[in-house]
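Colleague: Handing you a structure now.
The values are calculated or read from the model by the stated rules, or taken from the named source; none is laboratory data. For clarity, every value in this text was computed on a predicted model and none was experimentally measured. Every residue, glycine among them, receives a Cβ derived from its backbone with ideal geometry; neighbour counts consider all protein chains shown.
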Amino acid sequence: MNLDGIPGPDGIGVRVFASTAAKAHGMPITQGTLEILMFDGTPAADDTVETKPRKIWTFNPGELRGYMATTSLGTGYQFALAWGEDRPTQSRVTVIARLILPKQGIVSSDSSSISVAVK
């Protein structure tokens, strides 16, 4: 995404839907911390555990309200995330969402790969 008006990308757009096996539609996140992790390139799923993310965005439930949207898929969160000084060095980035819950631990999404033009 071009967020600053200067030619070339400086961020990514991400949608996150939280669901469970019992409830397939997205539901509001009311506890814990949501993190969006961005990795350079397309690391293997196992590598994302040990590889340091290029950028991490962190949101608590109060901050998430500003990104909330209701769609046919349920309640979700739509983000336009600027990477600032953590600009990707490769033509693809990999994004993972993870929810850190106080008593249940960490729940992670599958990874998604996004093409980006390097400035």
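Colleague: Is it the case that some residue within region 37-57 is surrounded by 13 or more Cβ atoms within 10 Å (Cβ to Cβ), among the hydroxyl-bearing types (S, T, Y) and more than 15 Å from V107 (Cα to Cα)?
Modeller: So far as region 37-57 goes, yes, one or more of its residues are surrounded by 13 or more Cβ atoms within 10 Å (Cβ to Cβ), among the hydroxyl-bearing types (S, T, Y) and more than 15 Å from V107 (Cα to Cα).
Colleague: Report, by residue number, each residue of region 44-80 that is among the aliphatic types (A, V, I, L, M) and closer than 25 Å to T20 by Cβ. Even if it seems obvious, please write down each step before you answer.
Modeller: The initial filter retains those residues of region 44-80 that are among the aliphatic types (A, V, I, L, M), namely 44-45, 49, 56, 64, 68-69, 73, 80.
Residues satisfying the conditions are A45, V49, I56, L64, M68, A69, L73.
Colleague: Confirm whether A44 is closer than 20 Å to S113 by Cβ, out of contact with any Ser or Thr (no Cβ under 6 Å at 6 or more places or on another chain) and among the aliphatic types (A, V, I, L, M).
Modeller: yes
Colleague: Then there's this: Would a scan of region 80-102 turn up a residue that is at pLDDT 90 or above, of a type in the set (S, T, Y), out of contact with any strand residue (DSSP E or B) (no Cβ under 6 Å at 6 or more places or on another chain) and over 14 Å from R15 (Cβ atoms)?
Modeller: Initially, region 80-102 is screened for residues at pLDDT 90 or above, giving 80-101.
Add one more test, that the residue is of a type in the set (S, T, Y), and what stays is 89, 91, 94.
Still in the running and out of contact with any strand residue (DSSP E or B) (no Cβ under 6 Å at 6 or more places or on another chain): 91.
This time we only want the ones that are over 14 Å from R15 (Cβ atoms), so: 91.
The answer is yes, given that some residue of region 80-102 is at pLDDT 90 or above, of a type in the set (S, T, Y), out of contact with any strand residue (DSSP E or B) (no Cβ under 6 Å at 6 or more places or on another chain) and over 14 Å from R15 (Cβ atoms).
Colleague: Do any strands (runs of 3 or more DSSP E) entirely within region 6-119 hold 3 or more residues that are touching a helix residue (DSSP H, G or I) at 6+ places or on another chain (Cβ under 7 Å), and if so, which? I'd like the intermediate steps shown before the answer.
Modeller: Values: elements: 11-16, 33-40, 55-59, 68-71, 74-82, 92-101, 105-108, 112-115.
So the answer is 74-82.
For every residue, the table says whether it meets (1) closer than 14 Å to T33 by Cβ; (2) in contact with a His (Cβ under 8 Å, 6 or more places away or on another chain); (3) in contact (Cβ under 8 Å) with a residue 12 or more places away in the chain; (4) β-branched (V, I, T).
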position	(1), (2), (3), (4)
L64	yes, no, yes, no
T71	no, no, yes, yes
G74	no, yes, yes, no
L81	no, no, yes, no
R87	no, no, yes, no
T94	no, no, yes, yes
R98	yes, no, yes, no
S111	no, no, yes, no
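Colleague: Shifting gears a bit: Kindly establish whether D86 is surrounded by 15 or more Cβ atoms within 10 Å (Cβ to Cβ) and among the acidic types (D, E).
Modeller: For D86, the condition - surrounded by 15 or more Cβ atoms within 10 Å (Cβ to Cβ) and among the acidic types (D, E) - is not met.
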